[in-house]
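What follows is one structure encoded as structure tokens, with my remarks underneath.
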Amino acid sequence: MGPDSEVAADRRLLDRASTVELLADILRERIIKGDYPPGKQLAEGEIVKSLKISRNTLREAFRLLTHERLLVHELNRGVFVRVLTVEDVVDVYRVRKLVECTAVRTLDGRPPQADDMVAAVTAGDLAMRKQDWRALGTANMMFHQAVGALSNSPRVDELMRGILAELRLVFHTMKDPRRFHEPYLERNKEILAAIEAGDGHGAERLLIKYLDDSEHQIVEAYRNS
């Protein structure tokens, strides 16, 4: 194989990798939005047809999301959205506390990411008025994605996307989504007020309490299910 052929092969490989990553982004976003609930089997034929992609590309995207602990492959059955355990919940919140609390701790003035938080709170208010609890959960995750973005790190942004996608799987365990999501909208507003004031330590205190309460509530729901 000559140099030109090798370059062409490399380009095809890069294009394919890009397509796989874009497809994984689409599927991950569907999980985050709640379109794919825990335990749901993902039908290859349906996804291939709707997105006009190859089965090989889809299977590679499945492998990426399996590595991210969002999907699980069951032999002779297919690919399913993962059902998290209590241990998974505790670990997700351990990472959230490390990332989010660190992100707000060193605030100095109103950060530009506060605009995204305002947009998330506004979306949450709209979801509340419509009594759309899934949309309220999505708005909550938008808010905390923006909190993570205070780190100004693409790697942290990627980590938070994965963590929040796992968190969406957790939300489905809550039998009363309104009771679970509604109080946290007001608490997001309190955190936002501290962030807009540049009060990093105040925002951190609110976040620690927020995350502790949320973790406890979900763990109790798991144990009582």
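Quick notes on this structure:
Okay, residues lined up against (1) closer than 30 Å to Lys40 by Cα; (2) of a type outside the set (Phe, Trp, Tyr); (3) at pLDDT 95 or above:
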{"site": "Ala165", "(1), (2), (3)": "yes, yes, no"}
{"site": "Phe180", "(1), (2), (3)": "yes, no, no"}
{"site": "Lys189", "(1), (2), (3)": "no, yes, yes"}
{"site": "Leu192", "(1), (2), (3)": "no, yes, yes"}
{"site": "Gly202", "(1), (2), (3)": "no, yes, yes"}
{"site": "Arg205", "(1), (2), (3)": "no, yes, yes"}
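- In the set (1) among the polar types (S, T, N, Q); (2) modelled with pLDDT under 95; (3) within 18 Å of Leu150 (Cβ to Cβ), the condition left unmet by Asn76 is number (3).
- If you check Val92, Val72 for being touching a helix residue (DSSP H, G or I) at 6+ places or on another chain (Cβ under 8 Å) and surrounded by fewer than 19 Cβ atoms within 10 Å (Cβ to Cβ), only one passes: Val72.
- The residues of region 158-184 that are assigned to a helix (DSSP H, G or I), of a type outside the set (A, V, I, L, M, F, W, C) and within 19 Å of Ala221 (Cβ to Cβ), listed by number, are Glu166, Arg168, Pro177, Arg178, Arg179, His181, Glu182, Pro183, Tyr184.
- Qualifying residue in region 23-38 (condition: more than 25 Å from Arg134 (Cα to Cα), β-branched (Val, Ile, Thr) and modelled with pLDDT of 85 or more): no
- Filter result for Asp212 (over 25 Å from His67 (Cα atoms) and assigned by TED's automatic domain parsing to the domain that holds Arg105): yes
- When each of Val219, Val156 is tested for being β-branched (Val, Ile, Thr), under 15 Å from the mean Cα position of the chain (by Cα) and modelled with pLDDT of 85 or more, the lone residue that passes is Val156.
- Of residues in region 39-77 being out of contact with any Leu (no Cβ under 7 Å at 6 or more places or on another chain), among the small types (Gly, Ala, Ser) and not in a loop (DSSP other than H, G, I, E, B), the one farthest from Glu21 (Cα to Cα): Gly45
The values are calculated or read from the model by the stated rules, or taken from the named source; none is laboratory data. Everything numeric here is computed off the predicted structure, so don't read it as measured data. FYI the Cβ positions are ideal-geometry reconstructions off the backbone, even for glycines, and counts take in every protein chain you see.
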